[in-house]
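The values are calculated or read from the model by the stated rules, or taken from the named source; none is laboratory data. All values reported here derive from a predicted model rather than from experimental measurement. Counting neighbours? That spans all protein chains shown, and the Cβs are built from the backbone with ideal geometry, glycine included. Ligands, DNA and RNA are stripped out before the accessible areas are found, and what is left, the full protein with its side chains, is counted by its heavy atoms. Shrake-Rupley method; radii C 1.70, N 1.55, O 1.52, S 1.80 Å.
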Amino acid sequence: LVKNGQLELINGGWSMHDEACPTYEDMINNMMIGHDFILNEFGVKPRIGWQVDPFGHSNANARLFAEMGFDALFFGRLDYQDKNKRMNEKSMEWIWMPNADSLGKEVNLFTHAMYNQYQSPNGFDFDMLNDYDPWVNDKESDTFNAETYAQGIMKDIDDRAQHYLTDDIFVVFGGDFEYMNAFQNYASMDNMISYMNANYGDKYHFRYSTPSDYVDAVAKHNVKWPTKYDDMFPYSDSPDSYWTGYFSSRANDKEYIRRASSNFHSSSQLMAG
């Protein structure tokens, strides 16, 4: 599945690290350990950064990802005012050029801010945690709902198309604690893709995809992307709701992490010697 592209391993760090509190050495080590495992187990190197849930994003992390060889960065959280502005300006995707004054424009990263964080489209979360009915295409069934669902998903896609610069639209399905019933999810998505292509294929073609597929698709468009150079801090999801408390909280834990990082770095040098 990995070799033929049906399953893509993205980000690939030991964890999806925060971008505000760690040192750059911790970020590098986190990614190094994960990427080493993936390369040894699967023979591939991730090409997509997937920082969907950190509470703000730093140009330092964008620089590291660019220099690690990532082709793009996807994330879900950005300040609500910044998001509103970008939605109105169709600047939800841009070329990030961190530290351009010293590094030049060669160090850059295509960046995609997600439309609905990392959640399924509203009303189309087919997992067992929710009460949404599965997508049913059989017109003879009492539970046939495909046309109602189709109109809803078309409205969602039409709106997304107004906020991005190309006609390739990236839609994620999932969320926190999702795919507890993967069969239920995929059965509904299979039905959705089949119905939409049969009945609305003159406007949109629906298909399963991966972040790399999407990045390759938008790269074929002749688009002059916006640019960005600085951080995306602080992060706020509504007025007076800044997610900045963790900058100074859990001081003891952070001390333990710094000590462990120091020991790890020293040990790595000794091992290399």
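The table below gives the values:
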| quantity | calculated |
| --- | --- |
| J(HN,Hα) series, the stretch 58-65, from Karplus relation 6.51 cos²θ - 1.76 cosθ + 1.60, nearest Hz, glycine and proline x | 10, 5, 5, 5, 4, 5, 4, 5 |
| Residues Tyr256 and Leu165, FRET efficiency given R0 of 51 Å [Cβ-Cβ distance, rounded to 0.05] | 0.70 |
| Cα long-axis angle, helix 251-272 against the chain (0 to 90 degrees, to the nearest 10) | 70 |
| Translational diffusion coefficient (Stokes-Einstein; Kirkwood radius from C-alpha pairs) of the stretch 11-87 at 25 °C, 0.890 mPa s, in µm²/s | 188 |
| For the chain: span of alpha carbons on each principal axis (Å, largest first) | 71, 39, 39 |
| Interchain or long-range residues, amide H under 5 Å from Tyr164's placed H | none |
| With at most 16 other Cβ atoms within 10 Å, longest stretch of the chain clear of loop GluC sites (Glu not before Pro) (DSSP) | 141-273 |
| In degrees, nearest ten, helix 80-89 long axis to first principal axis of the chain (Cα) | 60 |
| Cα coordinate range in the stretch 179-273, projected on the principal axes (Å, largest first) | 60, 42, 37 |
| Angle in degrees between helix 146-161 and the longest Cα principal axis of the chain, rounded to the nearest 10 | 40 |
| Residue-level accessible surface for Trp50, protein heavy atoms, 1.4 Å, Å² | 50 |
| Greater than 20 Å apart at Cα, pairs in Lys139/Lys203; Lys90/Lys220; Lys3/Lys220; Lys83/Lys203 | Lys139/Lys203; Lys3/Lys220; Lys83/Lys203 |
| Solvent exposure, largest accessible area first (probe 1.4 Å, DNA, RNA and ligands not counted), of His17, His221 | His221, His17 |
| Cut-off under 5 Å, modelled amide H: who pairs with Trp50 long-range | Asn11, Phe74 |
| Theoretical FRET efficiency, 1/(1+(r/R0)^6), r = Cβ-Cβ of Asp216 and Asn181, R0 51 Å, to 0.05 | 0.95 |
| Residues with amide H under 5 Å from that of His57, placed H, sequence gap 5 or more | Met232, Phe233 |
| Global form of the stretch 108-183, assessed from the alpha-carbon gyration tensor, a/c cut-off 1.5 | oblate |
| Relative contact order (%) - criterion: Cα under 8 Å, at least six apart; region: the stretch 58-203 | 26 |
| Residue-averaged [θ]222 nm for the chain, counting only DSSP H segments that reach four residues, each worth -39500 (n - 2.57) | -12500 deg cm²/dmol |
| Computed accessible area, Ser102, all protein chains, 1.4 angstrom probe, square angstrom | 90 |
| Average Cα contact separation per residue, the chain, under 8 Å, 6 or more apart, as relative contact order % | 20 |
| Antiparallel DSSP beta bridges within the chain, as percent of all bridges there, nearest 5 | 35 |
| Centroid-to-centroid separation of the stretch 148-205 and the stretch 218-273 [C-alpha atoms, Å] | 32 |
